[in-house]
4 protein chains.
Amino acid sequence: MSQPFRITRRVEFGDTDMAGIAHFANFFRWMEVAETDFLEARGLSVAWDEGGERFGFPRVSVACDFSRPVRFRDVMEIAVTVEEVGRKSVRYRFDFSHEGKPVAVGRITAVCCRKTPDRGLESIEIPARVRAKLTGS
Amino acid sequence: MSQPFRITRRVEFGDTDMAGIAHFANFFRWMEVAETDFLEARGLSVAWDEGGERFGFPRVSVACDFSRPVRFRDVMEIAVTVEEVGRKSVRYRFDFSHEGKPVAVGRITAVCCRKTPDRGLESIEIPARVRAKLTGS
Amino acid sequence: MSQPFRITRRVEFGDTDMAGIAHFANFFRWMEVAETDFLEARGLSVAWDEGGERFGFPRVSVACDFSRPVRFRDVMEIAVTVEEVGRKSVRYRFDFSHEGKPVAVGRITAVCCRKTPDRGLESIEIPARVRAKLTGS
Amino acid sequence: MSQPFRITRRVEFGDTDMAGIAHFANFFRWMEVAETDFLEARGLSVAWDEGGERFGFPRVSVACDFSRPVRFRDVMEIAVTVEEVGRKSVRYRFDFSHEGKPVAVGRITAVCCRKTPDRGLESIEIPARVRAKLTGS
């Protein structure tokens with residue numbers, strides 16, 4: 001789907017572990033930051049209110065493959081691509097690189113949900129307005 | 001105020017940083033765990049609903065002094081003491097030790113608050129029922 | 001690969017997000033805790049020194065599918081299964097449940113590595129001693 | 001000591017807790033980011049090698065007072081001031097604000113240390129070169 005959306009992110013001291021590299025769980029926080037920026041750039045959000053109801057895109061499936069460690073003060077580029085927009089879900093791909101070399105490839109599948117009165121979540125079809133912005137069409 | 005309440009907590013791999021020791025910010029998460037356990041043991045909670053309203057103990061001041069580093073798989077003891085119960089606030093002290101040696105001393109001051117309809121927080125007097133349990137009287 | 005190894009883990013206040021549920025990235029930290037406990041129970045570690053060299057099991061691929069949200073003070077059971085032991089890698093499966101209901105299924109693939117003098121990592125065959133303990137044979 | 005050094009930092013989704021606000025422990029990670037940026041701007045680092053030895057500025061005392069909650073996507077300004085440079089230690093002050101209003105004031109006291117061969121840390125006098133850059137003189 002056309003040009004990936006890109007952000008940069010630095011590895012902070014607190015992101016490292018005793019192996020001297022960025023701890024793997026942080027990659028999911030970085031994906032989330034990239035997702036937030038991507039949605040914002042498209043005029044969307046991971047959580048919003050509409051017609052007195054609360055909507056959002058909770059994650060149902062996430063994954064990450066690591067190919068190269070990064071260290072304190074390394075600045076990564078994170079490229080966001082919308083891989084698939086289904087009836088109720090969207091799948092993002094995140095390509096992490098450092099100085100042009102691949103570091104990791106992550107994926108997040110999020111499902112469009114409405115908050116039910118009992119604090120539960122009910123999956124719904126992605127509204128047309130949101131879908132159009134996600135696909136960039 | 002009598003006997004301290006004690007829990008133990010292990011340093012996990014993801015709690016360490018590139019210096020090979022537990023990252024200092026984690027001590028605040030550990031204090032919070034100890035606070036949760038302490039309150040639970042007294043039949044209290046950091047956040048509760050009562051009479052249709054939402055109450056809680058947000059932190060207004062926190063601090064930690066470190067005397068000895070801890071490492072992956074070290075099991076710390078955390079002793080919780082209620083240092084002071086004021087009209088609206090409570091101050092906890094947390095003594096971290098490892099194999100009998102002091103590691104860190106932390107403090108959290110939390111203020112009793114009611115959630116206002118506009119998502120704000122209004123400080124209130126600690127209810128008598130809660131105060132009695134906090135002081136152990 | 002017989003009986004799964006089990007630990008329990010509580011959702012702490014700091015593990016939650018503004019949606020009122022445990023933030024998804026924390027599941028990877030919990031998998032790591034379960035992996036540490038599992039390895040320890042088998043007399044192994046995620047990182048060790050042997051013959052003057054440093055060895056470890058860095059993660060090369062991780063994933064998690066979520067089926068049910070968990071909240072502050074929910075106690076989860078995490079069952080660890082060794083799904084596959086390859087020549088150089090091991091894949092763990094983590095089944096998260098709460099009150100008997102499935103919450104999430106996670107996977108970590110870790111590759112046996114030797115630290116090289118230049119701070120790099122070189123994948124190696126899993127030593128026979130380690131393999132025997134991983135497979136429980 | 002002259003003009004404070006300033007950075008901005010956004011509250012991410014994963015930084016929030018079930019109270020709908022940024023979790024208090026994150027302020028210490030943000031202070032660390034601001035400290036890293038400040039040191040970098042002065043040509044310094046929190047950890048460095050010199051003459052075959054490893055030096056660093058581990059934290060011995062940290063604190064934070066909170067005056068106003070911040071929420072998802074709020075962009076804070078963090079102003080760093082060097083409050084005091086002692087013989088062996090430096091104390092930073094961090095003023096967090098959002099839209100011109102104070103959010104929190106944090107402090108970190110870090111002690112200059114040399115790593116000893118047994119993985120320990122020994123406090124040392126701040127080298128003249130480092131001191132000159134810290135004080136901006």
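The values are calculated or read from the model by the stated rules, or taken from the named source; none is laboratory data. Please read these numbers as outputs of a predicted model, since none were measured by experiment. Methodologically, a virtual Cβ is constructed for each residue, glycine included, from the backbone with ideal geometry; neighbour enumeration extends over all protein chains shown.
At-a-glance table
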| item | result |
| --- | --- |
| Residue that is nearest to residue B:120 (Cα to Cα) [pool: residues in the range D:53-66 that are modelled with pLDDT of 95 or more and of a type outside the set (D, E, K, R)] | D:66 |
| From the options C:6, C:10, residue that is more than 7 Å from every other protein chain (Cβ to nearest Cβ), more than 13 Å from the chain's Cα centre (by Cα) and of a type in the set (Lys, Arg) | C:10 |
| Flag for residue B:89 being over 12 Å from the mean Cα position of the chain (by Cα), under 22 Å from residue D:105 (Cα atoms) and touching a residue at least 12 places away in the same chain (Cβ under 8 Å) | yes |
| Test result for residue B:76, closer than 21 Å to residue B:6 by Cβ, touching a Gly at 6+ places or on another chain (Cβ under 6 Å) and of a type outside the set (S, T, N, Q) | no |
| Residue that is nearest to residue A:71 (Cα to Cα) [pool: residues in the range D:30-47 that are surrounded by fewer than 20 Cβ atoms within 10 Å (Cβ to Cβ) and not hydrophobic (A, V, I, L, M, F, W, C)] | D:45 |
| Strands (runs of 3 or more DSSP E) within the range B:42-137 that include 2 or more residues closer than 24 Å to residue B:26 by Cα and not acidic (Asp, Glu) | B:59-66, B:75-85, B:89-98, B:101-111 |
| Residues located in the range A:94-107, provided they are within 14 Å of chain C (Cβ to nearest Cβ) and surrounded by 16 or more Cβ atoms within 10 Å (Cβ to Cβ) | A:94, A:96, A:103, A:104, A:105, A:106, A:107 |
| Filter result for residue B:33 (of a type in the set (A, V, I, L, M) and in contact with a Leu (Cβ under 7 Å, 6 or more places away or on another chain)) | no |
| Residue in the range A:17-35 that is among the polar types (S, T, N, Q) and more than 10 Å from chain C (Cβ to nearest Cβ) present | no |
| Answer from B:59, B:68 - the residue that is without any contact (Cβ under 8 Å) to a residue 60 or more places away in the chain and under 20 Å from residue B:8 (Cα atoms) | B:68 |
| Subset of the range B:2-16 that is at negative phi and modelled with pLDDT under 95 - its residue that is surrounded by the fewest Cβ atoms within 10 Å (Cβ to Cβ) | B:3 |
| Any hit, the range C:1-9, residues being farther than 30 Å from residue B:46 by Cα and part of a strand (DSSP E or B) | yes |
| Residue within the range B:70-80 that is over 30 Å from residue A:20 (Cα atoms), out of contact with any Lys or Arg (no Cβ under 9 Å at 6 or more places or on another chain) and of a type outside the set (Ser, Thr, Tyr) present | no |
| Total residues in the range B:53-86, condition of a type in the set (Asp, Glu) and within 14 Å of chain D (Cβ to nearest Cβ) | 2 |
| Residue in the range D:117-127 that is surrounded by 16 or more Cβ atoms within 10 Å (Cβ to Cβ), within 14 Å of chain B (Cβ to nearest Cβ) and within 30 Å of residue A:40 (Cα to Cα) present | no |
| Selection count where residues are part of a loop (DSSP other than H, G, I, E, B) and in contact with a helix residue (DSSP H, G or I) (Cβ under 6 Å, 6 or more places away or on another chain), scope the range A:18-38 | 2 |
| Of the criteria (1) surrounded by fewer than 16 Cβ atoms within 10 Å (Cβ to Cβ); (2) at pLDDT below 95; (3) within 14 Å of chain D (Cβ to nearest Cβ), which one residue B:50 fails | (3) |
| Yes/no for residue B:41 being within 11 Å of another protein chain (Cβ to nearest Cβ) and touching a residue at least 24 places away in the same chain (Cβ under 8 Å) | no |
